[in-house]
1. For the stretch 1-38, name all the residues that are of a type in the set (G, A, S), in a helix (DSSP H, G or I) and touching a residue at least 12 places away in the same chain (Cβ under 8 Å).
2. Residue under question is S130, and the condition is that it be closer than 23 Å to L38 by Cα, part of a loop (DSSP other than H, G, I, E, B) and not basic (K, R); does it hold?
3. If you take the residues of the stretch 107-163 that are aromatic (F, W, Y) and over 12 Å from the mean Cα position of the chain (by Cα), which of them is surrounded by the most Cβ atoms within 10 Å (Cβ to Cβ)?
4. Among the residues of the stretch 58-99, what is the count of those that are among the polar types (S, T, N, Q), in contact (Cβ under 8 Å) with a residue 40 or more places away in the chain and open to solvent by less than 40 Å² (accessible area, probe 1.4 Å)?
5. Just wondering, is there one or more residues in the stretch 39-57 that are surrounded by fewer than 20 Cβ atoms within 10 Å (Cβ to Cβ), assigned to a loop (DSSP other than H, G, I, E, B) and at pLDDT below 95?
6. Counting only residues that are among the basic types (K, R) and touching a helix residue (DSSP H, G or I) at 6+ places or on another chain (Cβ under 6 Å), which one in the stretch 1-38 is most open to solvent (accessible area, probe 1.4 Å)?
7. Can you tell me which residues in the stretch 164-182 are without any contact (Cβ under 8 Å) to a residue 60 or more places away in the chain, open to solvent by 40 Å² or more (accessible area, probe 1.4 Å) and more than 20 Å from the chain's Cα centre (by Cα)?
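The values are calculated or read from the model by the stated rules, or taken from the named source; none is laboratory data. Nothing here was measured: the structure is a model prediction, and the numbers come from that model. Heads up, the Cβs are rebuilt from the backbone with ideal geometry, glycines too, and the neighbour counts pull from every protein chain shown. Keep in mind that these areas ignore ligands, DNA and RNA; they rest on the heavy atoms of the full protein, side chains included. Shrake-Rupley method; radii C 1.70, N 1.55, O 1.52, S 1.80 Å.
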Amino acid sequence: MTPTIAKAAYVLMAALWYVLRIPHERKARKTPIARDALDARERLRLTVSLTGLGIVPMIYVATGWPAFAARSFSPLAAWLGVVLAVAALVVFRLTHKALGRYWSVSLQMRKEHKLITEGIYSRIRHPMYSAFWLWALAQALLLPNWIAGLSGIIGFGTLYLLRVGPEERMLLDTFGDEYRAYMARTGRLLPKLF
């Protein structure tokens, strides 16, 4: 593994991420929205996340900027980054497959929205967030730059910390006791062990 191959792996991961999402985005657009929480705060959260997981690392891959934040490259870390990237893509795919037409980028409830508890959702309440955390960790391992590598953890971490609470409130408001029971038997990001 070389730094160039690690950068190429990051770019490939990002490209596959968007390719996997395209058919689900098309399906979701055909399903009317019943409740939309896409306000200025949500737009800011999404922008911060996109900056950390996409814009900053792609600038680094294309230009090497910010060179002053370079760190030594570790082939072993890069290989671990590839493994995490593959895991992220698998979880991402399983999440989209389970959500189907109910998927959305922002906090939205579709008309006739059903609580999804099958597939990967049978064990994890927010596997999409799990996939993004895996991506952020893969990025940190693949890109040997303190800023570009860690920007995904900071960018997505900001979105996660500011969004998961409002999302769970929206789900509780929509599904009530059904969601409470679901929360009791699932883990937020990882399967419950007990």
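1. First, pick out the residues of the stretch 1-38 that are of a type in the set (G, A, S): 6, 8-9, 14-15, 28, 34, 37.
From what is left, the residues that are in a helix (DSSP H, G or I) are 6, 8-9, 14-15, 28.
Selection gives A6, A9, A14, A28.
2. Values: closer than 23 Å to L38 by Cα: yes; part of a loop (DSSP other than H, G, I, E, B): no; not basic (K, R): yes.
Here the answer is no, as S130 does not meet what is asked.
3. At the first step, the residues of the stretch 107-163 found to be aromatic (F, W, Y) are 121, 129, 132-133, 135, 146, 156, 160.
Next, only the ones that are over 12 Å from the mean Cα position of the chain (by Cα) stay: 121, 146.
Numbers: Y121: 19, W146: 14.
Only one residue fits best here, namely Y121.
4. Step one: of the stretch 58-99, the residues among the polar types (S, T, N, Q) are 63, 72, 74, 95.
With in contact (Cβ under 8 Å) with a residue 40 or more places away in the chain added as a condition, the list becomes 72, 74.
Imposing the further condition that a residue be open to solvent by less than 40 Å² (accessible area, probe 1.4 Å) reduces the set to none.
Residues that pass the stated criteria total 0.
5. Yes, the stretch 39-57 contains at least one residue that is surrounded by fewer than 20 Cβ atoms within 10 Å (Cβ to Cβ), assigned to a loop (DSSP other than H, G, I, E, B) and at pLDDT below 95.
6. If we filter the stretch 1-38 for residues that are among the basic types (K, R), which is where we start, we get 7, 21, 26-27, 29-30, 35.
Subset that is touching a helix residue (DSSP H, G or I) at 6+ places or on another chain (Cβ under 6 Å): 7, 27.
On the way: K7: 51, K27: 104 Å².
This residue is K27.
7. Of the stretch 164-182, the ones without any contact (Cβ under 8 Å) to a residue 60 or more places away in the chain are 164-165, 168-169, 171-173, 176-177, 180-181.
With open to solvent by 40 Å² or more (accessible area, probe 1.4 Å) added as a condition, the list becomes 169, 172-173, 177, 180-181.
The answer is L172, D173, D177, R180, A181.
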